[in-house]
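Accompanying notes for the structure given below.
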Amino acid sequence: MSSDELAGVVFPASPDGRRSTSALGRAVVADALRPVDAAGALGAEHETNWRSGYLVHFRRLVEAGLASKAAWLAIARAGLDSLHARMRVATPGGGEAGLDSLLTGPGQRPFATATVHGTGEAESEFALPYHGERLRGDALARRLDAWVAAGVIEPTCADALRAVAAHPEWLRLPGRTVAVLGAGAEIGPLPVLLGWGARVAGIDLPHPPLWDRVLRTAQGAGGTLLVPVAPQRAAHGVPGDAGLRERGGLDLVGDVPAAADWLAGIGGPLVLGNYVYADGAANVRVSAAVDALTLRLQAARDDLALAFLATPTDVFAVSGDAVAQSARAYASRSRGAKLAGRPLRTLSGGRLLRRAYLPGADPGISDSLVAQQGPNYALAKRLQRWRAALARDGGSTVSLNVAPPTRTKSVVRNRALAAAYAGAHRFGVEVFEPATCKVLMAALLVHDLHNGGGPAHAHPWQDEAYAAATGGLWRIAYAPRSALGLAALLGLGAARA
């Protein structure tokens, strides 16, 4: 980490001065496992190559939590406590403080609010963009039925989308403000919610091209956008709306207290939507900052709901129904697939084309972690799942939905992932376009906010599985990672094109 990057939330320094992302990840996972799985904690602590060996330990976090709701929540609490105890905040002047200093410390500067009222007409019905069409009515119903039959989305996901289609008055989210952290995120809900006429508070980095895009979206939509503006930056832009692109935004990693103060001042019920993303180690830093922001806002307001997008390339517990559909898919493989599968499994030492689950497992474990995405990405996304579980257990309204595999820019930049996604359809996985994904996920958010976060379940794994849109990863014949390499080979030509 360079001296230029040493500001705001940072990784802890070891005795030799290095800020190791692997050491942090290994320690947090071990601490999370320790209350319920001492052997698993020891295994994580002694993992010598965290960058490639993390996969088994992130799976174990889910397996150990299945013992009971208490075990699941103990893992979440211990993991987040470990993160807060270990991560640091680099302060002006070269000092450091603990992450929890952000829960009470003052902001570096106050932010004013700029309001952008869209001049467009709010959409009055739910329509899902798909392959160049906008599906509504019977066409939407047929597509949802087809996805459920193919295992692309869970049946409860289709139920939630049907409910939104039947209640278009939900789309405006009347009386609420949705704070979108990561306003410029490619599959974030900001443009969709604004198009539906909602009130959105957008937070993202002070990057003029990003805000130019966001502001153009807001001006042409039917909703209202609130933007944080640093008063002392006003002199550097053109006064009025024309200069807002130069003045809007704030850095969550650098000033959580200022972001919390700004959000705490927004009237009416607030939804804190976590859609942040950064490459590599920066993803953990911004995710830690958002978690501190979440705690501070929970202490400041009693009307706070939380929203998250879970990645499909993670480990989840899945229903017995998903296991049974996967088993049927494995049993009904073509003769050619069966003939090719045996030597491939033998030559690979059992790593290729393994069946996804033990028959009859309930719940099953769907392990769709992708080694190429790395342990920092896995940790950043797991922090969100932990916070969601604890907040829901504490009585908060929480929307956490698994999003389908999507051809985002961050994915297609990675050649291996781009190739795997291009070949995934050969194994029954549908990869979504961003335009479809962001509307689908925004609709699930709307559903959750109008239904108290969804039905109550006996165990938190069931909360995560509810209304999931996995692209088929939970119900295909093979364990996803055992087919990924072959999917990449088959999709290499398409990915290059």
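Name, by its number, the condition in (1) open to solvent by 20 Å² or more (accessible area, probe 1.4 Å); (2) assigned to a loop (DSSP other than H, G, I, E, B) that does not hold for P312.
(1)
When you look at L358, is it in contact with a Pro (Cβ under 9 Å, 6 or more places away or on another chain), under 15 Å from A317 (Cα atoms) and part of a loop (DSSP other than H, G, I, E, B), yes or no?
Answer is no for this residue.
Residues that are surrounded by 15 or more Cβ atoms within 10 Å (Cβ to Cβ): list the strands (runs of 3 or more DSSP E) wholly contained in segment 19-125 that include at least 2 such residues.
Here the list reads 88-90, 112-117.
List pairs: first in segment 112-141 and over 13 Å from V164 (Cβ atoms), second exposed (fewer than 12 other Cβ atoms within 10 Å of the Cβ), Cβ under 6 Å, 6+ apart or cross-chain?
Every condition considered, the pairs that remain are A112/P231.
Checking G197 against (1) surrounded by fewer than 20 Cβ atoms within 10 Å (Cβ to Cβ); (2) more than 23 Å from the chain's Cα centre (by Cα), which single condition isn't satisfied?
Going through (1) surrounded by fewer than 20 Cβ atoms within 10 Å (Cβ to Cβ); (2) more than 23 Å from the chain's Cα centre (by Cα) one by one, G197 breaks only (1).
Does L190 satisfy being crowded, with 24+ Cβ neighbours inside 10 Å and under 19 Å from the mean Cα position of the chain (by Cα)?
Yes; evaluated as a whole, the condition is true for this residue.
Of everything in segment 444-496 that's open to solvent by less than 10 Å² (accessible area, probe 1.4 Å) and β-branched (V, I, T), which residue is farthest from R59 (Cα to Cα)?
Result: V446.
Kindly indicate which of H425, H447, H457 is out of contact with any Pro (no Cβ under 9 Å at 6 or more places or on another chain), without any contact (Cβ under 8 Å) to a residue 60 or more places away in the chain and part of a helix (DSSP H, G or I).
None of the others qualify; the one that does is H425.
Mind checking which residues of segment 126-153 are part of a helix (DSSP H, G or I) and within 28 Å of A221 (Cβ to Cβ)?
G137, D138, A139, L140, A141, R143, L144, W147
Give segment 15-50 a look and list any residue that's modelled with pLDDT under 95 and within 21 Å of the chain's Cα centre (by Cα), or say none.
Those that are modelled with pLDDT under 95 and within 21 Å of the chain's Cα centre (by Cα): none in segment 15-50.
Those residues that are of a type in the set (A, V, I, L, M) and open to solvent by 10 Å² or more (accessible area, probe 1.4 Å), I need them from segment 142-173; list them, please.
Within segment 142-173, A146, V148, A149, A150, A163, A165, A166 meet the criteria.
Regarding segment 410-422, can at least one residue be identified that is in a loop (DSSP other than H, G, I, E, B), hydroxyl-bearing (S, T, Y) and buried (at least 19 other Cβ atoms within 10 Å of the Cβ)?
Scanning segment 410-422, I find no residue that is in a loop (DSSP other than H, G, I, E, B), hydroxyl-bearing (S, T, Y) and buried (at least 19 other Cβ atoms within 10 Å of the Cβ), so the answer is no.
The values are calculated or read from the model by the stated rules, or taken from the named source; none is laboratory data. Note that the structure is predicted; figures quoted are calculated from it, not measured. Because the Cβ atoms are built from the backbone with ideal geometry, glycine has one as well, and the counts that use them run over all protein chains shown. For accessibility, only protein heavy atoms count, side chains too; no ligands or nucleic acids. Shrake-Rupley method; radii C 1.70, N 1.55, O 1.52, S 1.80 Å.
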